[in-house]
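The values are calculated or read from the model by the stated rules, or taken from the named source; none is laboratory data. Worth saying up front: this structure is predicted, and the values here are computed from it rather than measured. Ideal geometry is used to build each Cβ from the backbone, glycine not excepted, and the neighbour counts take in all protein chains shown.
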Amino acid sequence: MGRQRETYGRTRVVHLTTVHRPFDPRIFHKQLVSLREAGFDTHLIAPHGAAEQRNGVTIHPLPTGRRDWHARIGLHPLAYRRARALDADLYQIHDPELLPVAKLLKTMTEARVVYDMHEEYRAKGPVWGRVLRALERWAFRWLDHVILAERSYRSIVRDESVPYTCILNYFRPFEENAPPTRSETTDATGPTRLLYTGTVSDSRGLQTMIDIAAAIRRHGRSERISIVGVCNRPPQRTAAEARIRTHGLADIVTQVGWDTYVLPSDMGPYYRRADVGLALCTPHPNLTGSLLTKFYEYLHHGLPIICSNFPLWREFVEENDCGAVVPPGDPDAVLEVLDQWRERPERYRTCAQNARSAASRYRWEKMGERLVRLYRDLLARREPAQ
């Protein structure tokens, strides 16, 4: 290979994205930092304001600004030139639209090329979803390996010739020992602080959470809701904020981020002040077949989960006995669960304890080790195990 080092400590790997933010938890905090800790020379090409080195990972910036499809495609020539100049031993891409760039890199270099499949793109709609799936199937003929973020994605690659490995999006703590959360010290009044973290949108329960806040106001209840994350759909954000103003919900709903990305490393204080983690998504195909990363984060902080009653999610909650499921879009059902926990505080505390106990099963550490083994196998030209 063009830049094969004598040891793994000198092997250069480059990750590329034009869709995701440079400090995306899966790409940067989990994968690239794990590879750097294993001794790889790690680089990231992504939209960012300036070149910098963070946690030992070198960031090569692409222009920021518009994030629509046309603008991202316009970044591909520059992304290719920067990737080619780095002359890596292995390139990993995180967006299906970058597959043509990956093919060019594979043709022009001796490097290995890996594709990290983050989403179920059939949920993107009848036209765009088919285009992305066709692009992936074309790439399966020449990619060296595909990484799957969810086990459910195996159905996409099972009939293809491409080798694949499941590297699930488990949680990597930003602090070694998380301080006690309110769930461990909540008094007899019961859980009152509800928390949602992550991307904010109607499909991820934004309107349902506003409905819950309205019911709290209407009935004079004590609960409060913190919604922490960015909303990339301005019309939905505007509509939710208008409802908050019109119905006087500002003292019930705390907005953090919404119009700007909240770094995962900044979310710790909100977890520690919370009693319950919410995941009240609508039955969107891209959500029902996946376990949300926030589930693992809630467990780490000992937060019982109240989530939509999708089969996969219900199985997760029941297996870990760490919360309750409710019908999607039903704010009254959420309040009923809270009433039950208030009447039976021992049940709430059991869910909190079970959440904390289950967290160790979903730590990123073992997935990071799997990623490092995969890279070493690929670079040694051995066929890695699935």
Original post:
What's the number of the condition Leu299 fails, among (1) part of a helix (DSSP H, G or I); (2) touching a Leu at 6+ places or on another chain (Cβ under 8 Å); (3) crowded, with 22+ Cβ neighbours inside 10 Å?
Top reply: (2)
**OP:** Please work out which one of (1) charged (D, E, K, R); (2) assigned to a loop (DSSP other than H, G, I, E, B); (3) crowded, with 20+ Cβ neighbours inside 10 Å is the condition Asp116 fails and give its number.
**Re:** (2)
**OP:** Say whether the condition of being within 18 Å of Ile27 (Cβ to Cβ), assigned by TED's automatic domain parsing to the domain that holds Asp41, assigned to a helix (DSSP H, G or I) and small (Gly, Ala, Ser) is met by at least one residue in the stretch 131-138.
**Re:** no
Original post:
Within the set of pairs 6+ apart or on separate chains, which have a first residue in the stretch 74-89 that is modelled with pLDDT of 95 or more, a second that is of a type in the set (Phe, Trp, Tyr) and not in a helix (DSSP H, G or I), and C-beta atoms under 8 Å apart?
Top reply: Ala83/Tyr91
**OP:** Only residues that are over 23 Å from Pro22 (Cα atoms) and either polar (S, T, N, Q) or buried (at least 20 other Cβ atoms within 10 Å of the Cβ) (or both): list them for the stretch 95-113, please.
**Re:** Thr107, Thr109
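Matching residues to (1) more than 19 Å from Thr192 (Cβ to Cβ); (2) exposed (fewer than 15 other Cβ atoms within 10 Å of the Cβ):
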| residue | (1), (2) |
| --- | --- |
| Asp330 | yes, no |
| Glu336 | no, yes |
| Arg349 | no, no |
| Ala355 | no, no |
| Tyr362 | yes, no |
| Glu369 | yes, yes |
| Arg373 | yes, yes |
**OP:** Within the stretch 171-188, identify whether any single residue is touching a Cys at 6+ places or on another chain (Cβ under 6 Å), closer than 30 Å to Asp377 by Cα and at pLDDT 80 or above, and answer yes or no.
**Re:** no
**OP:** Would you point out which residue out of Arg373, Arg344 is of a type outside the set (Ser, Thr, Tyr), more than 22 Å from Tyr296 (Cα to Cα), in the same structural domain as Val13 (by TED's automatic domain parsing) and out of contact with any Leu (no Cβ under 6 Å at 6 or more places or on another chain)?
**Re:** Arg373
**OP:** Out of the residues in the stretch 126-156 that are within 29 Å of Arg381 (Cβ to Cβ) and aliphatic (A, V, I, L, M), state the one that is nearest to the chain's Cα centre (by Cα).
**Re:** Ala149
**OP:** Go over the candidates Gln53, Gln92 one by one and state the one that is surrounded by fewer than 21 Cβ atoms within 10 Å (Cβ to Cβ) and under 23 Å from the mean Cα position of the chain (by Cα).
**Re:** Gln53
Original post:
Any chance the stretch 317-328 includes a residue that's assigned to a helix (DSSP H, G or I), surrounded by fewer than 18 Cβ atoms within 10 Å (Cβ to Cβ) and either of a type in the set (Asp, Glu) or out of contact with any Cys (no Cβ under 7 Å at 6 or more places or on another chain) (or both)?
Top reply: yes
Original post:
Taking the stretch 147-174 only, how many residues are basic (Lys, Arg) and buried (at least 18 other Cβ atoms within 10 Å of the Cβ)?
Top reply: 1
Subject >> Close pairs (6 angstrom Cβ cut-off, 6 or more residues apart or separate chains): without any contact (Cβ under 8 Å) to a residue 60 or more places away in the chain in the stretch 227-243, among the basic types (Lys, Arg) anywhere >> reply: Cys231/Arg237
Original post:
Taking the stated definitions as given, is Ala50 assigned by TED's automatic domain parsing to the domain that holds Trp138 and either touching a helix residue (DSSP H, G or I) at 6+ places or on another chain (Cβ under 6 Å) or touching a residue at least 12 places away in the same chain (Cβ under 8 Å) (or both)?
Top reply: no
